[in-house]
Amino acid sequence: MTQHYRVSHRTTYSYDDDVSDSLGIAYLVPRDLAWQKVVSQEISIDPEPGDRSSDVDYYGNTVTYFQVTEPHRVLSIHGLSEVEVFAPVYDEAALAQPWEQARPAERPDVPDAWQALDLTLPSPLVPLVPGAHEYAAASLTPGRPVGEALTDLMHRIHAEFTYDKTATTVTSTIDDVLGTRAGVCQDFAQLTLSCLRSHGLAARYVSGYLATTPPPGKERIVGADATHAWAAVWIPGESTGGGWLAIDPTNDQWANDRYVTVAWGRDYGDVPPVKGVIFTEAKKSTLRVEVDVAPV
């Protein structure tokens, strides 16, 4: 079964004085994958950049670089794409192996294990804290099948942590999330990474979108969607998921054909939708983000 989506992601910055120079980086182009096909994509920037280019980063993500030198008080970055998404099919034998055998360091027999090794290490936003190691140990019991262990950890985070937009900020740490037992999807994804990496498993942060459906009897609200984040764990074996099991603790499910994958890396800092530097004397600024994931 194939799902077809049109994804619109518009980021608008407004300032109370002129910006003379704005340099930015955007991760807004979805990835072409075994389970996802990009039908079309474009990124529009207003004012028009004097310099603009795109490249592919270390993890294979498409990155757009731009510089706007025309004085401006409003900057708009709009990503528009159409994608076809298929539900990944996983190797049951791979999911049944003991989780210890899914650690890249233990699998020199698997050709791509070395590529996963860097995702077992701490990263700037995902330190390997004792609290995360201890929390994961309840799911990663000796010899437990890796698919079952990962699903149990996902269930527990969903059940024991509260989704609360006010509970964390951009400076909140893994220990903060463990302490408050609350956060948003980025927090839960990064907590999952710390839990798994601290036990030697390779896990990556995935950024993208989740297609939502309105409540029964309600019309779909255009622009009311949001970016989403989840985790993917390396599991040696054959699958259309590329040897990675994508789990979403926020929604307590494996990623399926409702998930649009844009980029992945070590943590959120590697793949924010938009980031940059500006030169201005403005005292105030506002940020507005509008996301729409519409079935086609």
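The values are calculated or read from the model by the stated rules, or taken from the named source; none is laboratory data. Keep in mind it's a predicted model, so treat the numbers as computed, not measured. Using ideal geometry, Cβ is built from the backbone for each residue, glycine included, and neighbour counts are taken over all protein chains shown.
Which residue pairs have Cβ atoms closer than 8 Å, lie 6 or more positions apart in sequence or on different chains, and pair a first residue in the range 53-73 that is at positive phi with a second residue that is not hydroxyl-bearing (Ser, Thr, Tyr)?
Partner pairs satisfying both residue conditions: GLY60/ARG31.
Taking interchain pairs and intrachain pairs at least six residues apart, which have beta carbon atoms under 6 angstrom, with the first residue in the range 1-27 and over 20 Å from LYS284 (Cβ atoms) and the second surrounded by fewer than 19 Cβ atoms within 10 Å (Cβ to Cβ) and aromatic (Phe, Trp, Tyr)?
Once the first residue is over 20 Å from LYS284 (Cβ atoms) and sits in the range 1-27, its partners that are surrounded by fewer than 19 Cβ atoms within 10 Å (Cβ to Cβ) and aromatic (Phe, Trp, Tyr) give THR2/PHE86; ILE25/TYR65.
Which residue is surrounded by the fewest Cβ atoms within 10 Å (Cβ to Cβ), if the candidates are limited to the range 136-160 and must be part of a helix (DSSP H, G or I) and over 22 Å from the mean Cα position of the chain (by Cα)?
For the range 136-160, the residue satisfying everything is ALA137.
Which one is surrounded by the most Cβ atoms within 10 Å (Cβ to Cβ), of the residues in the range 82-114 that are at pLDDT 90 or above and within 20 Å of the chain's Cα centre (by Cα)?
VAL83
Would you confirm whether or not the range 54-62 contains a residue that is hydrophobic (A, V, I, L, M, F, W, C), modelled with pLDDT of 95 or more, surrounded by 19 or more Cβ atoms within 10 Å (Cβ to Cβ) and over 30 Å from ASP176 (Cα atoms)? Walk me through how you get there before you give the answer.
Our first condition is that a residue be hydrophobic (A, V, I, L, M, F, W, C); within the range 54-62, this holds for 56.
Cutting the leftovers down to modelled with pLDDT of 95 or more gives us 56.
Within this subset, residues satisfying the condition of being surrounded by 19 or more Cβ atoms within 10 Å (Cβ to Cβ) are none.
Within the range 54-62, not a single residue is hydrophobic (A, V, I, L, M, F, W, C), modelled with pLDDT of 95 or more, surrounded by 19 or more Cβ atoms within 10 Å (Cβ to Cβ) and over 30 Å from ASP176 (Cα atoms).
In the list ALA137, ALA113, which residue meets the criterion of being touching a residue at least 12 places away in the same chain (Cβ under 8 Å) and out of contact with any Phe, Trp or Tyr (no Cβ under 9 Å at 6 or more places or on another chain)?
Every option except ALA137 fails the conditions.
Scanning for something among the small types (Gly, Ala, Ser) and on the phi > 0 side of the Ramachandran plot, does the range 116-137 turn up at least one residue?
From the range 116-137, those among the small types (Gly, Ala, Ser) are 116, 123, 131-132, 136-137; that's our starting set.
Now narrow it down to the ones that are on the phi > 0 side of the Ramachandran plot: none.
No, the range 116-137 contains no residue that is among the small types (Gly, Ala, Ser) and on the phi > 0 side of the Ramachandran plot.
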